[in-house]
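The values are calculated or read from the model by the stated rules, or taken from the named source; none is laboratory data. Since the model is a prediction, treat every value here as computed from it, not as a measurement. Cβ atoms come from the backbone with ideal geometry, glycine included; neighbour counts cover every protein chain shown. Side chains are part of the model used for accessible areas, which takes the heavy atoms of the whole protein and leaves out ligands, DNA and RNA. Shrake-Rupley method; radii C 1.70, N 1.55, O 1.52, S 1.80 Å.
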Amino acid sequence: MGLFDDLSQFLETRLEEFLRSHPQLELMALDDQLQEQEEDTRKLLVDLRRQETALQEQIMATAQEVKLWHIRIDKAKAAGRLDLAEPAQEREAALLREGNQLWGQMRGVQERIKKTEELYRQVQARRQEVQRKLKEVKAAEAASQAQDTSRETAGWYQASHYRPRSPADPLEQKFRQWEMDDEIEQLKRQMGR
């Protein structure tokens, strides 16, 4: 396993270096990750809201049962049927405990919904920031390529405006001077033999 771990670590390091040297690819990978996280968070929100709705329905059903048993308790007491009133009170108490548990679960789900909504907003904001940065990098890269192309062709276009051998051309004068100096040097060497 050590060799495999070393190879895996080496490849991860190389990938990180490659991505750092190609910021556009790194930003694209980050955008993909954020898009996936945004989708997962959205799905979680849908699921949590479904849970909240189900719990609300259970709480309402439990409240209706508590109301029913409360009415039955009052009827049983009014009729002097303590043999029915006492078990009905126990049933009502059990339903109230169940309702409290459901209420606590719903509050927990609602808290998770708030936190997940905040996370969703943060992921969206981060993704928008990454997409903006990606556009900037693409624009800078396009401008750099255009500038490189411009430099490569600049001499070609400048040459088309060049007027041959004008005596006032400073470059022409420098070359003539250099060529004359070179010829004089060669003559000196030949005479020195």
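Only one residue in Glu86, Glu65 is surrounded by 14 or more Cβ atoms within 10 Å (Cβ to Cβ) and more than 26 Å from Gln122 (Cα to Cα). Which one? It is Glu65.
Of all the listed residues (Ala143, Ala93), the sole one being of a type in the set (A, V, I, L, M), under 30 Å from the mean Cα position of the chain (by Cα) and more than 13 Å from Leu48 (Cβ to Cβ) is Ala143. Scanning segment 68-79 for residues that are part of a helix (DSSP H, G or I), open to solvent by 50 Å² or more (accessible area, probe 1.4 Å) and farther than 30 Å from Val109 by Cα yields a total of 6.
The one condition from (1) more than 11 Å from the chain's Cα centre (by Cα); (2) in contact (Cβ under 8 Å) with a residue 24 or more places away in the chain that Leu34 does not meet is (1).
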